[in-house]
Amino acid sequence: MAEGPRALQAGEWEQLNQLVSTVFRPQMFRDYPQLFNDDNRENLRVVAEDGKVVCHVGMTERPASLAGCRIDVACIGAVSTLGDYRGRGFASQAFQDACSKGAADGVDVMLISGGRGLYTRVGCREVGRDWDVALTPDGAAGLGSSLGLAGAGAYALTPVGREQIDHLRAIYQREPVRFLRPLADWEMALDCGIVMNTASDFWGLSIGGTLLAYLVVHQPDKVHRRGPDVPTTVRVVEFAGERTAVVAALPRLLEHYGTERLTVHVQGTDLALHALLAGGPIAGQAGLVLKPATASGTLRVINFPQLMDRCRPLLAERIGTKAARDLTFEADAPPGSAEGGFTIRRGDDRLRLPDLATLAVYLFGTPGPVVPPPAPAPLAELLAPALPLPALWYGVNYV
Ligand SMILES: CC(C)(COP(=O)(O)OP(=O)(O)OC[C@H]1O[C@@H](n2cnc3c(N)ncnc32)[C@H](O)[C@@H]1OP(=O)(O)O)[C@@H](O)C(=O)NCCC(=O)NCCS
């Protein structure tokens, strides 16, 4: 008889280690310290059978800022079922259990580092109107003469570590769309050196000894390549701070690692970096490709009324105080449920979104043409300038 889903018990750490080591790789506990620590045990949802843990859905819970609106976010990772126990609905049940636990803890949205049927069947969607940028050494050569980059050589590019946590945190704090990271997240990332799944280096850019920006990059020789023809890549997985400094770092990182390609993800809210890359003299040339992209993984809305209430100041900035105040947001089913639709009302006007998947795409957008809500309504017109809400990027908070 299967037992659970439920929280991992204190005596089951070794069983969980066996499970994730078998399904993924050894050293998962080392690589994901934010997930696998005793303070987070209640968020590790498991199913046990035959006297052992056979299925796991791991979750962290963090506050985040969407352009100044504080929300709560759950991040899902290390989802695994032992081979002999697959196809019996264990992961689906444990995933729903994590959604319910997140809802009970006050979570607004969930980020999932995956996009398979397990998630998309229950309302998770790729969202965000971001960009993926790929740069070659040829493209990088042109960047130096880009607008706004005169004097880029003045920035010193040096490795940064634990001693600079105060400065790294202060730089990240100035980002408008970000996690509100407890100190331990920085410490764990810098100690284990694994960010977004891969061994990473931390680089700082400074002028006169003052750190103005930083970049976290995957070590190119540790990046999994799909084949020998795939160029070695330095992948920037997080950056923050002065954008001219960030751009100035890109050619130098390509040169430092001797790679043929560099990639960086640009959030939809980051118009400054987008302009420096897309608006410069090398825009449109082969050495720099800028493609519309979603944020990483998929997203599920956990508590729609609470999310929108918390984002009301952002709505007020975009559509006016009175319009934002008069809106009401309702869900058919309780927070955390996969069922039911959603209603936005203002007086007699009503906008209906039939399910979680439609809601996620409507709220956070997708690349390409803006998706109109399923049924045209005056409220949709009112809300058009209020959306999409900004999409988060994991960086250090990836699990
Ligand atoms: C992915 C994994 C966790 C699924 O575990 P599981 O306990 O077998 O999951 P479930 O029984 O709930 O569902 C398994 C499959 O049954 C089928 N299934 C389950 N419910 C279904 C439904 N209602 N309708 C149709 N198909 C369904 C699907 O094929 C589903 O897999 P999918 O995600 O590819 O769509 C497991 O296969 C695993 O450990 N894989 C390796 C690690 C991995 O890839 N983890 C996910 C990282 S994002």
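Annotations
- Loop sites in the range 299-373: GluC sites (Glu not before Pro), DSSP, at most 16 other Cβ within 10 Å: GLU339
- For the pair the range 309-335 and the range 195-216, the centres of their Cα atoms are 37 angstrom apart.
- Where both bridge residues fall in the chain, DSSP classifies roughly 90% of the beta bridges as antiparallel.
- Residue order, fewest to most surrounding Cβ atoms within 10 angstrom, among THR22, THR233, THR294, THR210: THR210, THR22, THR233, THR294
- Projected label distance in nm at ASP309 and GLU163, using a 7 Å step from Cα toward the beta-carbon: 4.8 nm
- Approximate spin-label separation PHE24-ALA7, in nm, with each point projected 7 Å along Cα-to-Cβ: 2.1 nm
- Sites matching trypsin sites (Lys or Arg not before Pro) across the range 91-148 that sit in DSSP coil, with at most 14 neighbouring C-beta atoms within 10 Å: ARG116, ARG121
- Neighbourhood charge, 15 Å Cβ-Cβ cut-off, centred on THR232 and excluding it, Lys, Arg +1 and Asp, Glu -1: 0
- For VAL237, the residues whose amide H sits under 5 Å from its own are VAL216, VAL217, HIS218, ignoring neighbours fewer than 5 places away on the same chain, with H placed 1.01 Å from N.
- Ellipticity at 222 nm from helices only: DSSP H runs of n ≥ 4 in the chain, each -39500 (n - 2.57), divided by the residue count, give -8000 deg cm²/dmol.
- The slack between ASP84 and ASP348, meaning 0.36 nm per residue of separation minus the straight C-alpha distance, is 89.6 nm.
- The local environment of PHE24, defined by Cβ-Cβ distances under 14 Å, has a net charge of +1 under the rule Lys, Arg +1 and Asp, Glu -1.
- Candidate cross-link partners of LYS52 among the aspartates and glutamates, defined by an alpha-carbon separation under 14 Å and a same-chain spacing of 8 or more, comprise GLU3, GLU12, GLU14, ASP84.
- Applying a DSSP loop filter and a limit of 16 other Cβ atoms within 10 Å to the chymotrypsin sites (Phe, Trp or Tyr not before Pro) in the range 1-96 leaves PHE24.
- Gap separating the Cα centres of the range 340-399 and the range 55-119, nearest whole Å: 21 Å
- Gyration tensor verdict on the range 302-386 (Cα atoms; rounded if a/c is under 1.5, prolate if a/b is larger than b/c, oblate otherwise): rounded
- Neighbourhood charge, 14 Å Cβ-Cβ cut-off, centred on TYR85 and excluding it, Lys, Arg +1 and Asp, Glu -1: -1
- Each Lys and Arg Cβ is given +1 and each Asp and Glu Cβ -1; about its Cα centre, the chain then shows a dipole of about 620 debye.
Values quoted throughout were computed directly from the atomic coordinates according to the rules given, and no laboratory measurement underlies them. Here the structure is a predicted model, which is why all the values come from computation and not from measurement. Quick reminder, even Gly has a Cβ in these numbers, built from the backbone with ideal geometry, and neighbours come from all protein chains shown.
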